[in-house]
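Notes for the one structure printed next.
What follows is calculated from the coordinates using simple rules that are stated; it is not laboratory data. Predicted model, so just to flag it, every value in this text is computed and none were measured. Neighbour counts run over all protein chains shown; Cβ positions are idealised from the backbone, glycine included.
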Amino acid sequence: VACGTASSVNSGPVEREVSRVPASPVSGRGAPRADPPASGAAGATGHRSVRSGRFHQLLSRPSVDLTELRDLLWSGAPEDDPQLRAEAWQILLGYLPPVRERQAQGLIKKRGEYEELKRRHYRFGEEAGAE
């Protein structure tokens, strides 16, 4: 009973926090995702592989349904496929756009923004000898 109460108390703020994810992120990722590993014979390993399969199926669509992704991530991202885990969170948090065809261009834009910030805020080489 106490666990159910704590769960219901904690689920409200977390859900509100996750629902702030923008529906149309502005950046993306261009690297192709590897296929999920085959299911193992062990129960825990097989369970993780099934979860990875669900994530892989969702993230392979031309457009990722953010509500469905949020629901899958609510139980945790698959630990047996770090690349899949990273991509799922990048899409949900708005770093990658949910539309696959926009991800490569969005990633180029994000990397350019990062390089510009580095150039603007850090002077490589000039201050290295001063220390």
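Taking H as built 1.01 Å from N, whose amide H comes closer than 5 Å to the amide H of residue 99, not counting residues under 5 places away?
64
For a quick check of your reading of the filter: which chymotrypsin sites (Phe, Trp or Tyr not before Pro) in the range 51-131 sit in a DSSP loop and have no more than 10 other Cβ atoms within 10 Å? Walk me through the numbers on the way to the answer.
Numbers: sites: 55, 74, 89, 95, 114, 122, 124; in loops: 95, 122, 124.
Counting only loop positions with at most 10 other Cβ atoms within 10 Å, the chymotrypsin sites (Phe, Trp or Tyr not before Pro) in the range 51-131 are 122, 124.
What full-extension length gain, to one decimal in nm, is calculated for residue 68 and residue 113 as 0.36 nm per residue of separation minus the Cα-Cα distance? Intermediate results must be reported in sequence, preceding the final value.
Working: separation 45, 0.36 × 45 = 16.20 nm, distance 2.96 nm.
Difference between extended and current length: 13.2 nm.
Through the Karplus equation 6.51 cos²θ - 1.76 cosθ + 1.60, θ set to phi - 60°, convert the phi angles of the range 68-83 into ³J(HN,Hα) values in whole Hz; use x for Gly and Pro.
My calculation for the range 68-83 gives 5, 5, 4, 5, 5, 6, 4, 8, x, 7, x, 8, 7, 9, x, 5 Hz in order.
So if R0 is 30 Å, what FRET efficiency would residue 122 and residue 93 give, r being the distance between their Cβ atoms, rounded to the nearest 0.05? Each step should come with its number before you reach the end.
Numbers: r = 25 Å, r/R0 = 0.83.
Result of the calculation: an efficiency of 0.75.
Given a cut-off of under 8 Å on Cα pairs at least six residues apart, what relative contact order in percent is computed for the range 44-123? Present the calculation step by step, with values, prior to reporting the outcome.
Numbers: 51 pairs, mean separation 22.3, N = 80.
After rounding, I find 28 percent.
Dividing the Cα radius of gyration by the Kirkwood radius, what Rg/Rh value follows for the range 44-123?
On the way: Rg = 15.1 Å, Rh = 13.8 Å.
On the Cα set of the range 44-123, Rg over Rh gives 1.09.
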